[in-house]
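Undergrad: Questions regarding the structure given below will be posed in turn.
All of the numbers you see were taken from the coordinates with simple rules; none came from a lab. Quick caveat, the model's predicted, so the values are computed rather than measured. As a convention, Cβ positions derive from the backbone with ideal geometry for all residues, glycine included, and neighbour counts pool all protein chains shown.
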Amino acid sequence: MNRFHVHIHVADLDQNIRFYSQLFGAQPIVTKDDYAKWMLDDPRINFAISTGKSDETGIAHLGLQAETPEALAAIGARLQAADAVTLAEAGTTCCYARSDKLWAEDPQGVRWESFHTHGGATTYYADPTGVAVARDTCCGPASVTPSDGNSCAPSCSVAPADQIPAAGKSACCA
């Protein structure tokens, strides 16, 4: 079973942790200086907040968290059928986790992250070699129609949109 994912950029992490902890009736399972995450079963959601982009608050993206690589591949097939995959990442580090991801954008411009997490990480981001990089370097595509054809920072390599990540493939931007 997949889990719905919501990621919100916030201005004040502590204030938002208090609010969402009261709303959900639970404390976050991950708390960092710039990030917090709740994994709830009622409703079944992976809800995350971060302070990574101080000039932007509100919904960063929505998503689906797949429980298995096969479930991610099934989501990927549906996204490919909709011609919506904008970036495929394998073994990427983002949000203090190691994941394989597919990024898409709906017709309204809402970013969607479909992912399978297979481990934790000690940094918010890391480049494909695992070296920590600046907080705003990238996490998914900045836009589905970048002017330079590369939706991530120069230190990141973008996989072709039709390439579904598989375990063992090299990472794209982290």
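Undergrad: Just want to confirm a number: the relative contact order over the stretch 3-61, from Cα pairs under 8 angstrom separated by 6+ residues, in percent.
TA: 50
Undergrad: Quick one: which residues, 5+ away or cross-chain, put their amide H under 5 Å from the amide H of His5? H built at 1.01 Å from N.
TA: Asn46, Gly63, Leu64, Gln65
Undergrad: Taking 0.36 nm per residue of sequence separation and subtracting the Cα-Cα distance, how much length would be gained by fully extending the chain between Phe19 and Asp41, in nm to one decimal?
TA: 6.1 nm is the gain from fully extending Phe19 to Asp41.
Undergrad: Listing Leu40, Leu23 from the residue with the fewest other Cβ atoms within 10 Å to the one with the most, what is the order?
TA: Leu23, Leu40
Undergrad: Along Cα→Cβ, 7 Å out, is where each label goes; now give me the distance between the ones at Val30 and Ala71 in nm to one decimal.
TA: Spacing of the two 7 Å Cα→Cβ label points: 1.6 nm.
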